[in-house]
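Inspection log for the structure reproduced underneath, given as structure tokens.
The values are calculated or read from the model by the stated rules, or taken from the named source; none is laboratory data. Here the structure is a predicted model, which is why all the values come from computation and not from measurement. Here Cβ is always computed from backbone atoms with ideal geometry, including for glycine, and neighbour counts include all displayed protein chains. These area figures cover heavy atoms from the full protein model, side chains too; ligands, DNA and RNA do not enter into them. Shrake-Rupley method; radii C 1.70, N 1.55, O 1.52, S 1.80 Å.
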Amino acid sequence: MSDSTPSDPQTTATEPVAGQDVAGAGESAQEVIEVKRGSFGVIGTGDTSGFGGLVDKIETEPAASRPYGGWFDDATDELELALADRGLPATEAIERIVIEHGEITYHVRREHLIPFVTALRNEPALRFEWCSGVSGIHYPDFVGKELHAVYHLTSITHGRSIRVEVSCPDTDPHIPSIVSVYPTNDWHERETYDFFGIVFDGHPALTRILMPDDWVGHPQRKDYPLNGIAVEYKGATVPPPDDRRGYN
Amino acid sequence: MSDTTLDFDADVDASYTVTGNDWQTVLPAPEGEKQRIVVNMGPQHPSTHGVLRLILDIEGESVIEARAGIGYLHTGIEKNLEYRSWVQGVTFVTRMDYLSPFFNETAYCLGVERLLGITDEIPERATVIRVLMMELNRISSHLVALGTGGLELGALTAMIFGFRERELVLDLFEMITGLRMNHAYIRPGGLAQDLPDGAEKKIAETLTLLRKRFKDTSDLLVDNAIWMARTKGVGYLDLEGCMALGISGPVLRATGLPHDIRKTDPYCGYETYDFKVPTENTNDSYGRFLIRLAEMQESLNLVEQCLDRLRPGPVMVADKKIAWPSQLAIGADGMGNSLEHIRTIMGESMEALIHHFKLVTEGFQVPPGQTYVRVESPRGELGVHVASMGGTRPYRVHFRDPSFANLQAVPAMSEGGMVSDVIASVAGIDPVMGGVDR
């Protein structure tokens, strides 16, 4: 190895830690979701490429600031008013507003999710009457916010679509169920529970839906292995997909 | 009860999967009640559209409770995607809802392209061919809905007609992509390959034939007294029910709401095409059948418009960091990389060889972020939630399949009706279990 090899990131003092506020400036700052090390999947002494010392921080999208543009401002104003009518300050319910790829995301604190979506559905100026269900994401390195539930809501009345994102820690994987507001989420929440282990409190019958009832574990979590088997072909062995070299 | 009766109060850590003959040991016989019978319709039953299990609690011939059991076709596609490159993902998603593969592929690719920020750089010809393939696919999918729906209700001729016409469309798919199903034809950035020689002429000929034959199908069924008796007023679900249960597609449009994502949230340039969104006000299976017939006509018109718009040009983005480097060609040993391309990278340009190697083994990187893309599949809103962590593999891909959501309407549609109407209700929903279970 040449002298230009970067110093071992493990010993660096300014080591970024996943889940930590980058700027330490509170909720609106970007947070580190994941820290990637090295490249080409090589870790340890086998690395002769010099890329093993690379450190790459993946951060959350920065919070958007006004004006958001388009109908986003209008809708957010209406939402703040609707929440205030229900005795819930918007700053308390909404953690952060993110705009990426022309889509608006409201990051909502889980304890306020039900009044939040109720306002979205019932307020005539908002009228998000259509819920496309919930999708989960598991960020194992995002300390305190490992599990995310992502809802996509559409207002057919106003022709608008938004995303609502709620997070919960892995140690307390509870998010309130919104089946009482959007009955369609019955199966969607069962699916997310099945695959991620997020417990949707208040769901009428939170059981597994796609995996067998007696299955152990939640397969879509990142710590759940793919469990492939090696395949032999003409004398050579192809390793299972999760054992192949990765390029992340 | 026998010794095998389960003791639910016992403090044991176990759960039971109730299938087939186990019901007797699990459910104690009702006392002082009218006798109810629990019927397992499926998972292996010809009229449940694949491996759908319907658990019907019946009293005589009336359905008291209906529950759908799913998961028999779960293949873990979403998990598998996280271990493949972005391009390989297409090969997986095309197998989800296997009757509408082009919709799965397009929705996934639109999501990846949005994350890459290349939505506006997709060549016009690629987008037109995507629309063309999707509309042909809508026809072939609706033909299966009509064919199997007819078969389940005893209209065997409808099945013969439906599958005969579908075969014409599948022939086009085979000619263009090489496969009848599971095409992996639409790729992030464009298409796997251009239309073959003579494809436009063949499509135009097929359109003429389909127009003639669709008339036969509608003549056979639209005013057919038996067909109407089996489907009119059956599987009733109104707009309020659809909104609450998240039902989209023909079921929603049969309530009179002209909600079609091609119109409300256009993609692939649908706003520039001339087509109507057929609706009915019947809220029943018959209305859904009429809507599918009308949509097939609209799709024929759309395919015609696509043919008019086809202009020569590339079918893949120009960015060589994303575009798959090689072209397919027929060689002595079958379809493979074109010899011309191999000659260039092996003999003339080392950079091209490196690019080819990197793209094929490693794939391209997609910037971190998430997006949600929806398309109007034959069954309704097909949504794809794609999240990237900046790597060469998807971090998470979730498909919001319309069949999955629409199946939740089975209890609302069939409870209180006859057992035979359950079949008409499910046929009206037209679920595809490959998409439901993924």
**Request:** Kindly provide the set of residues from region A:191-204 that are of a type outside the set (Ser, Thr, Tyr), at the interface with another protein chain (Cβ under 10 Å from one of its Cβ atoms) and out of contact with any His (no Cβ under 6 Å at 6 or more places or on another chain), ordered by number.
**Result:** A:GLU191, A:ASP194
**Message:** Would you confirm, using the coordinates I've provided, whether A:ASP194 is part of a loop (DSSP other than H, G, I, E, B), of a type in the set (Asp, Glu) and at negative phi?
**Reply:** no
**Request:** Note down all Cβ pairs under 9 Å where the first residue falls in region A:231-248 and is facing chain B (nearest Cβ under 7 Å) and free of Cβ contacts under 8 Å to residues at least 24 places away in the same chain, the second is open to solvent by 60 Å² or more (accessible area, probe 1.4 Å) and in a loop (DSSP other than H, G, I, E, B), and they're at least six residues apart or on different chains.
**Result:** A:ASP242/A:PRO225; A:ASP242/A:ASN227
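Just the residues that are assigned to a loop (DSSP other than H, G, I, E, B) and open to solvent by 30 Å² or more (accessible area, probe 1.4 Å), please, taken from region B:326-348.
Quick first cut of region B:326-348, residues assigned to a loop (DSSP other than H, G, I, E, B) only: B:326-327, B:332-333, B:338.
Selection gives B:GLN327, B:ALA332, B:ASP333.
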**Asked** open to solvent by 30 Å² or more (accessible area, probe 1.4 Å), closer than 26 Å to B:LEU73 by Cα, modelled with pLDDT of 90 or more and within 10 Å of another protein chain (Cβ to nearest Cβ), is that true of A:ASP186?
**Response** yes
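Among the listed residues A:ILE209, A:ILE229, identify the single one that is assigned to a loop (DSSP other than H, G, I, E, B) and buried (at least 21 other Cβ atoms within 10 Å of the Cβ). I'd like the intermediate steps shown before the answer.
Details: A:ILE229 fails: buried (at least 21 other Cβ atoms within 10 Å of the Cβ).
The match here is A:ILE209.
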**Prompt:** From the list A:GLU92, A:GLU27, A:GLU80, which one is modelled with pLDDT under 65, under 23 Å from A:ILE114 (Cβ atoms) and out of contact with any Leu (no Cβ under 6 Å at 6 or more places or on another chain)?
**Reply:** A:GLU27
**Asked** Which residues, counting only those in region B:399-413, are open to solvent by less than 10 Å² (accessible area, probe 1.4 Å) and within 7 Å of another protein chain (Cβ to nearest Cβ)?
**Response** B:ARG400, B:PHE404, B:ALA405
**Request:** Those residues that are among the charged types (D, E, K, R) and without any contact (Cβ under 8 Å) to a residue 40 or more places away in the chain, I need them from region B:182-230; list them, please.
**Result:** B:ASP197, B:LYS201, B:LYS202, B:GLU205, B:LYS212, B:LYS215, B:ASP219, B:ASP223
**Request:** Test B:GLY287 against the criterion of being more than 17 Å from B:GLU135 (Cα to Cα) and in a loop (DSSP other than H, G, I, E, B), and give yes or no.
**Result:** no
**Request:** Could you figure out which of (1) surrounded by fewer than 20 Cβ atoms within 10 Å (Cβ to Cβ); (2) under 18 Å from the mean Cα position of the chain (by Cα); (3) polar (S, T, N, Q) isn't true of A:SER180?
**Result:** (2)
**Complete:** Scanning region A:205-230 for residues that are within 13 Å of another protein chain (Cβ to nearest Cβ), over 21 Å from the mean Cα position of the chain (by Cα) and small (Gly, Ala, Ser) gives A:ALA205, A:GLY228
**Prompt:** Which residues, taken from region B:235-290, are open to solvent by 20 Å² or more (accessible area, probe 1.4 Å), of a type in the set (D, E, K, R) and within 12 Å of chain A (Cβ to nearest Cβ)?
**Reply:** B:GLU240, B:LYS263, B:ASP265
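Looking at region B:116-129 only, could you name the residues that are out of contact with any strand residue (DSSP E or B) (no Cβ under 8 Å at 6 or more places or on another chain) and either open to solvent by less than 10 Å² (accessible area, probe 1.4 Å) or assigned to a loop (DSSP other than H, G, I, E, B) (or both)?
Within region B:116-129, the first condition is being out of contact with any strand residue (DSSP E or B) (no Cβ under 8 Å at 6 or more places or on another chain), and the residues that meet it are B:116-121, B:124-125, B:127-128.
Correct list: B:GLY117, B:ILE118, B:VAL128.
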**Prompt:** Would you pick out the residues in region B:304-342 that are over 30 Å from B:LEU115 (Cα atoms) and touching a residue at least 60 places away in the same chain (Cβ under 8 Å)?
**Reply:** B:GLU304, B:MET335
**Request:** Among the residues of region B:368-393, write down those that are more than 7 Å from every other protein chain (Cβ to nearest Cβ) and closer than 17 Å to A:GLY246 by Cα.
**Result:** B:SER388
**Asked** Looking only at region B:349-364, which residues are crowded, with 19+ Cβ neighbours inside 10 Å, of a type outside the set (A, V, I, L, M) and within 14 Å of chain A (Cβ to nearest Cβ)?
**Response** B:GLY363, B:PHE364
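Can you say whether A:TYR182 is part of a loop (DSSP other than H, G, I, E, B) and in contact with a Lys or Arg (Cβ under 8 Å, 6 or more places away or on another chain), as far as the supplied structure shows? It would help to see each step written out before you state the result.
Working: part of a loop (DSSP other than H, G, I, E, B): yes; in contact with a Lys or Arg (Cβ under 8 Å, 6 or more places away or on another chain): yes.
Yes.
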**Prompt:** Conditions: (1) within 13 Å of the chain's Cα centre (by Cα); (2) more than 11 Å from chain B (Cβ to nearest Cβ); (3) farther than 30 Å from A:LEU81 by Cβ; (4) not basic (Lys, Arg). A:ILE137 meets all but one. Number of the miss?
**Reply:** (2)
**Fill in**
Of the conditions (1) modelled with pLDDT of 90 or more; (2) under 22 Å from B:VAL436 (Cα atoms), the single one that A:ASP213 does not satisfy is (1)
**Complete:** Out of (1) surrounded by fewer than 24 Cβ atoms within 10 Å (Cβ to Cβ); (2) within 15 Å of the chain's Cα centre (by Cα); (3) among the aromatic types (Phe, Trp, Tyr), the one B:PHE103 does not meet is (1)
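Please state which one of B:ASN224, B:ASN182, B:ASN137 is within 19 Å of B:VAL375 (Cβ to Cβ) and open to solvent by 30 Å² or more (accessible area, probe 1.4 Å). Before you say what the answer is, go through the steps one by one.
On the way: B:ASN224 fails: within 19 Å of B:VAL375 (Cβ to Cβ); B:ASN137 fails: open to solvent by 30 Å² or more (accessible area, probe 1.4 Å).
One residue alone meets the criteria, B:ASN182.
Which fully enclosed helices (runs of 4 or more DSSP H) of region B:1-115 have 1 or more residues being closer than 30 Å to B:LEU146 by Cβ and modelled with pLDDT of 85 or more? Even if it seems obvious, please write down each step before you answer.
On the way: elements: B:23-26, B:77-81, B:89-93.
Filter on region B:1-115 gives B:77-81, B:89-93.
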